[in-house]
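Step one of this worksheet: look at the structure below.
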Amino acid sequence: MEVIKKSFTPEFRNRLDTIIQFGRLSHEVIKSVVDKFLTELQAQLEDKRVLLEVSEAARSWLAQGGYDAAMGARPMARLIQDKIKRPLAEEILFGELSEHGGVVHIDIKDGEITFDFETTAEMA
């Protein structure tokens, strides 16, 4: 409370109803946030006939890289955008998944995200 008194004027403090202090997120909660983002991505990919299969190691990697003690899980969206969505967009537009869709296996190798594409034609 002292930090708030030192940082803000009495006029501003008077406008505050309550002060809520947030604790750090547990690893399990962060993994739930990862699953939320991946579920949203899967919904976006359904009309392209693309199915995601994400390993537990990849989920943990995303949870670790997408969390910052000061920012919480806010960096997660950017990490998923840079490491998963952009490479997938290239494959869907110009690569193996462009014609018939397929299954994308996402894993971790040597500390980096890896993709293994299984096209619908290969599965038939």
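Read the figures in this text as sums done on the coordinates, not as results from a lab. Note that this is a predicted model, so its numbers are computed, not measured. In this analysis, Cβ positions are derived from the backbone assuming ideal geometry, glycine residues included, and neighbour counts consider all displayed protein chains.
What is the Cα convex hull volume of the chain when expressed per residue in Å³? All intermediate terms of the calculation are to be shown ahead of the outcome.
Working: hull volume 18.2 nm³, N = 124.
Cα convex hull per residue, to the nearest whole number: 147 Å³.
Cut-off 10 angstrom, C-alpha nodes, Gaussian network model of the chain. Which of THR18, THR39, THR114 fluctuates the most?
THR18
Suppose every Lys and Arg Cβ carries +1 and every Asp and Glu Cβ carries -1, with no other charges. What dipole size does the stretch 41-124 come out with about its Cα centre, to the nearest 20 debye?
460 debye
Report the one residue of PRO87, TRP61, ILE106 whose Cα lies farthest in the direction of the positive end of the charge dipole of the chain (charges on C-beta: Lys and Arg +1, Asp and Glu -1; origin at the Cα centre).
The one lying farthest along the dipole's positive direction is TRP61.
So for the chain, taking the charge dipole from beta-carbon charges (+1 Lys/Arg, -1 Asp/Glu), which of LEU38, THR18, PHE117 sits furthest toward the positive end?
THR18
All other residues with a Cβ under 15 Å from the Cβ of ALA77 taken together, and with Lys, Arg as +1 and Asp, Glu as -1, what is their net charge?
Working: positive: LYS36, ARG74, ARG78, LYS83, LYS85, ARG86; negative: ASP35, GLU40, ASP68, ASP82.
Cβ neighbours under 15 Å give a net charge of +2.
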